[in-house]
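The values are calculated or read from the model by the stated rules, or taken from the named source; none is laboratory data. Small disclaimer: the values here were computed from a predicted structure and weren't measured. Note: ideal-geometry Cβ built from the backbone for every residue, glycine included; neighbour counts use all protein chains shown. Calculation scope for accessible area: heavy atoms of the full protein, side chains included, ligands and nucleic acids excluded. Shrake-Rupley method; radii C 1.70, N 1.55, O 1.52, S 1.80 Å.
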Amino acid sequence: MKIAILTSGGDAPGMNAAVRGVVRYALSQGHEVIGYMRGYQGILEGDSEPLVATSVSNMIGQGGTFLQSDRCPEFLEKECRLRAFEQLKADKVDALIAIGGDGTFRGARDLYVDTGFPVIGIPATIDNDMGYTDFTIGFDTAVNNVLNAINCLRDTMHSHNKITVVEVMGRKCGNIALASGISGGAEFILVPEIPFNINQIVDEVKNSQRKGKRSNLIVLAEGAGKMEDFCVAFEMLSGIKPRQTRLGFIQRGGSPTYRDRLLACRLAKQAVDCVLEGRGNRAVGIHGTEYFDMDIEEAVNIKRKIDTDLYNFAELLN
Ligand code: F6P
């Protein structure tokens, strides 16, 4: 069989490890792999290259994606997907493995619905916002990146008795903020899914200062509100000017952690097994310690909910 692979949407550390896993495992089973460049854009442009064992040498520890990635709004149009189908046929591809987040999966699902072409989705996004799987590739690395930054910030904020606001990624999903906030010992974690009251935050900060607390860390998910506005309002209400740090794309880079590498290897195997066993239109994922695949349509319809138990527990720890 000839399996095509692409990486699409925002890159995530571990995407390369997943591509490597697909290539090496498929080759070991006697099959061929090609990679399309820049996600769905590469299919539309017929831009692909054969992937052999050496194509993925040294890739397991590299962040980003050597196949490059793009968001491809044209793929929302059926006419584009039909062109992609023609290209896949012209390239003699039997199945497509798409690595990415929700938008990537929807593109794959639509391609399948329009053409019946077998597609498999491997979840990779730092946001960990796909409800059908416990984890997406890249989340663990991103959270560790944030923690490294928090450790640095804590040193200096503690030396100067400062309130610090750290803005992390997550437009609709507070998982990075929650995971890095609880494990970084943040005093406040602000996420898009749960409303917060700034007056209450100010009161709690002032109270803690009266009790001798030297510094306070607020982790703010980008979707929970604009960091600059939050800081202006905080200063107006409290008379204290917080420091502001926006981590931005630093979070999305770097060598993947052990957990992301292992997840990438195992999900790659699950995806190739789907192809080899004739299961198309699947999304692969992990629940607990089990790797599984399920209908991609069902998968994209399962919304991610914030873990409110963990959120409430984080509040108790502060
Ligand atoms: O989806 C991953 C993500 O990094 C989000 O956390 C962030 O909001 C967004 O991508 C940034 O998007 P872009 O790369 O298009 O600027």
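Could you list, in sequence order, the residues of region 99-132 that are buried (at least 24 other Cβ atoms within 10 Å of the Cβ) and among the polar types (S, T, N, Q)?
Listed by number, the residues that qualify are T104, T125, N128.
If the requirement is being touching a Lys or Arg at 6+ places or on another chain (Cβ under 7 Å) and within 16 Å of the ligand (Cβ to nearest atom), which of these qualifies: D94, D70? Break it down into steps so the answer makes sense when it comes.
Values: D94 fails: within 16 Å of the ligand (Cβ to nearest atom).
The conditions single out D70.
Are there any strands (runs of 3 or more DSSP E) wholly within region 207-294 with 3 or more residues that are in the same structural domain as I122 (by TED's automatic domain parsing) and either away from the ligand (no atom under 16 Å from the Cβ) or crowded, with 17+ Cβ neighbours inside 10 Å (or both), and if so which?
Values: elements: 216-221, 243-246, 282-287.
In region 207-294, the matching strands (runs of 3 or more DSSP E) lie at 282-287.
Considering region 67-79 alone, what residues qualify as being part of a helix (DSSP H, G or I) and either surrounded by 20 or more Cβ atoms within 10 Å (Cβ to Cβ) or aliphatic (A, V, I, L, M) (or both)? Reasoning before the result, please.
Residues of region 67-79 that are part of a helix (DSSP H, G or I), as a first pass: 73-76, 78-79.
Once the filter is applied, which keeps residues that are part of a helix (DSSP H, G or I) and either surrounded by 20 or more Cβ atoms within 10 Å (Cβ to Cβ) or aliphatic (A, V, I, L, M) (or both), region 67-79 yields F75, L76.
Quick one: what pairs do we get from region 72-101, first residue in the same structural domain as I126 (by TED's automatic domain parsing), second open to solvent by 70 Å² or more (accessible area, probe 1.4 Å) and among the hydrophobic types (A, V, I, L, M, F, W, C), C-beta under 8 Å, 6+ apart or different chains?
Sorted first by the residue in region 72-101, then by its partner, the pairs are D94/M1; A95/M1.
I'm trying to understand the selection: among the residues of region 34-86, which are among the charged types (D, E, K, R) and under 25 Å from G138 (Cα atoms)?
Within region 34-86, R38, E49, D70, R71 meet the criteria.
Yes/no per residue for (1) modelled with pLDDT under 95; (2) charged (D, E, K, R); (3) within 11 Å of L6 (Cα to Cα); (4) in contact with a Leu (Cβ under 7 Å, 6 or more places away or on another chain):
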{"site": "Q29", "(1), (2), (3), (4)": "no, no, no, yes"}
{"site": "Y36", "(1), (2), (3), (4)": "no, no, yes, yes"}
{"site": "M59", "(1), (2), (3), (4)": "no, no, no, no"}
{"site": "Q62", "(1), (2), (3), (4)": "no, no, no, no"}
{"site": "F66", "(1), (2), (3), (4)": "no, no, yes, no"}
{"site": "K78", "(1), (2), (3), (4)": "no, yes, no, no"}
{"site": "T104", "(1), (2), (3), (4)": "no, no, yes, no"}
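If you check G46, G9, G63, which single one turns out to be open to solvent by 10 Å² or more (accessible area, probe 1.4 Å) and over 25 Å from V113 (Cβ atoms)?
Numbers: G46 fails: over 25 Å from V113 (Cβ atoms); G9 fails: over 25 Å from V113 (Cβ atoms).
Unique residue meeting the criteria: G63.
Let me spell it out: the conditions are (1) more than 14 Å from the ligand (Cβ to nearest atom); (2) open to solvent by 10 Å² or more (accessible area, probe 1.4 Å); (3) over 23 Å from G14 (Cα atoms), and P192 meets all of them except one. Which number is the exception?
(1)
Yes/no matrix, rows are residues, columns are (1) more than 16 Å from the ligand (Cβ to nearest atom); (2) assigned to a helix (DSSP H, G or I); (3) in the same structural domain as C274 (by TED's automatic domain parsing):
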| site | (1), (2), (3) |
| --- | --- |
| D134 | yes, no, yes |
| V146 | no, yes, no |
| L153 | yes, yes, no |
| C173 | no, no, no |
| I182 | yes, yes, no |
| G185 | yes, no, no |
| F196 | yes, no, no |
| Q200 | yes, yes, no |
